[in-house]
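Input: a single structure, listed below in structure tokens.
The values are calculated or read from the model by the stated rules, or taken from the named source; none is laboratory data. No experiment lies behind these values; they were computed from the predicted model shown. FYI the Cβ positions are ideal-geometry reconstructions off the backbone, even for glycines, and counts take in every protein chain you see. The protein model used for the area step is the full one, side chains on, heavy atoms only, and it has no ligands, DNA or RNA in it. Shrake-Rupley method; radii C 1.70, N 1.55, O 1.52, S 1.80 Å.
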Amino acid sequence: MSGGRAKKVAVIAGDGIGPEVMESALAVLDAAGAEFERIPVEIGFGRWKRTGQAMTEDDLETIKECDCILFGAIATPPDPGYRSVLLRLRRELDLYANIRPFRSRDLDFIIVRENTEGLYSGLEEESEAESRTVRVITRCGSERIAEKACDLAAWRKKLTIVHKANVLRSDRLFLRTCRAVAERRKVPAEDMLVDAAAYNLVVKPQRFDVMVTTNLFGDILSDEAAGIIGSLGLCASANIGERWALFEPIHGSAPDIAGKGIANPVGAIRSAAMMMEWLGEAQKARRIEGAVQWALEQGRKTPDLGGSCGTEEVTWAIIGYLKRKEGC
Ligand code: ATP
């Protein structure tokens, strides 16, 4: 890190495969020469089982004292009153832009998902006879996510605004606002109904470049996109706000494979690379991404990609490449 104080990163490994892929990501960051102060914070299901609380106010304060967060994955406690820790973090830190790049040999597109409102507003009522969730779309929320998407699309080809404005009145505001921002920013933009976008992602994913959409649509389309790329285990994400950012693989805690040593570490490693870029270390980020691509091309793949390598073998292949290329 050039100049100034060392950056502080809250490291939240979490549950299930979270600690396994976090170990890989940290080892790769070390091999790439990343320098930052690690602040481990235990939150999630394991913490809840031990103490009855998945995250405390003190944890939140510790996290807020850091520059950013590197996150593994956390499992949901079996408690009907439980509120998602990740949703709380996104809201408390106002991490409004969820940036999810999808890259493979012949595909390269980004989903920009609004992260703080929509159907994840938290405004809900539940009863046996009728339940409601309020879908909140604001002009301010739509404007700032459209600006973030345009920041990316301005360097690329085009923006696709994904919505359901033909049925949902709340999406008319989202669509109108995104169109206005794209027009002002002179970014070529089209719009598409979410059902058509889901279909097109499967039949002609090459047509997409930067997609911007609301919270739930972005959540669902991202998992679909991960399937098209090959595995959830390959995909990274950044949750960006004005002050803080949180970097996490898009997969969950995957309890079905936890402890088996076969979790794909690539999504977590790519998330670490996105963090380096956010911290102003773009060259290190590029080196990590190059090493990941090399390992995949060499067939160093975990079983989710049809390979026979374990988490450690893939991680060591990536580290080996970084060390060989050191100084190049
Ligand atoms: P959440 O609700 O937290 O998103 P989930 O159970 O819906 O969790 P994941 O935990 O992401 O979803 O798991 C979905 C499937 O993808 C599982 O079969 C899991 O084994 C697989 N999977 C997820 N991440 C990886 C990974 N890194 N490597 C290999 N397989 C993975």
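Asn239 meets the conditions (1) part of a helix (DSSP H, G or I); (2) polar (S, T, N, Q); (3) more than 13 Å from the ligand (Cβ to nearest atom) in every case but one. The failed one is (1). Gly44 meets each of the listed conditions (1) closer than 17 Å to Ile288 by Cβ; (2) open to solvent by less than 10 Å² (accessible area, probe 1.4 Å); (3) at pLDDT below 95 apart from (1).
Taken together, Asp106, Asp67, Asp15 contain a single residue that is crowded, with 20+ Cβ neighbours inside 10 Å and in contact (Cβ under 8 Å) with a residue 60 or more places away in the chain, which is Asp15. In summary, Tyr120 fulfils each of the numbered conditions (1) at pLDDT below 95; (2) surrounded by fewer than 16 Cβ atoms within 10 Å (Cβ to Cβ) with the single exception of condition (2). Summed over the range 161-175, residues that are surrounded by 19 or more Cβ atoms within 10 Å (Cβ to Cβ) and β-branched (Val, Ile, Thr) total 2.
Filtering Phe208, Phe217, Phe174, Phe247 for residues that are within 29 Å of Thr133 (Cβ to Cβ) and assigned by TED's automatic domain parsing to the domain that holds Pro19 leaves a single hit, Phe247.
Within the range 249-275, the residues that satisfy the criterion of being near the ligand (Cβ under 10 Å from one of its atoms), touching a residue at least 24 places away in the same chain (Cβ under 8 Å) and assigned to a loop (DSSP other than H, G, I, E, B) are Ile250, His251, Gly252, Ser253, Ala254, Pro255, Ile257, Ala258, Ile262, Ala263, Asn264, Pro265.
What about Leu95, is it over 20 Å from Met192 (Cβ atoms) and not in a loop (DSSP other than H, G, I, E, B)? No; evaluated as a whole, the condition is false for this residue. In the range 24-32, is there at least one residue being assigned by TED's automatic domain parsing to the domain that holds Ala245, more than 16 Å from the ligand (Cβ to nearest atom) and of a type outside the set (A, V, I, L, M)? Within the range 24-32, one or more residues are assigned by TED's automatic domain parsing to the domain that holds Ala245, more than 16 Å from the ligand (Cβ to nearest atom) and of a type outside the set (A, V, I, L, M).
Restricting the range 123-146 to residues that are touching a helix residue (DSSP H, G or I) at 6+ places or on another chain (Cβ under 7 Å) and over 12 Å from Thr213 (Cα atoms) leaves a set whose member that is surrounded by the fewest Cβ atoms within 10 Å (Cβ to Cβ) is Arg139. Pairs are defined by a Cβ separation below 6 Å, a sequence spacing of at least 6 or placement on different chains, a first member in the range 293-314 that is over 21 Å from Asp106 (Cα atoms), and a second member that is hydrophobic (A, V, I, L, M, F, W, C) and modelled with pLDDT under 95; no pair meets this definition. Just one residue in the set Ile250, Ile269, Ile262, Ile257 is in contact with a Lys or Arg (Cβ under 9 Å, 6 or more places away or on another chain) and of a type in the set (A, V, I, L, M, F, W, C); that residue is Ile250. Counting the residues of the range 147-160 that are part of a helix (DSSP H, G or I) and surrounded by fewer than 18 Cβ atoms within 10 Å (Cβ to Cβ) gives 2.
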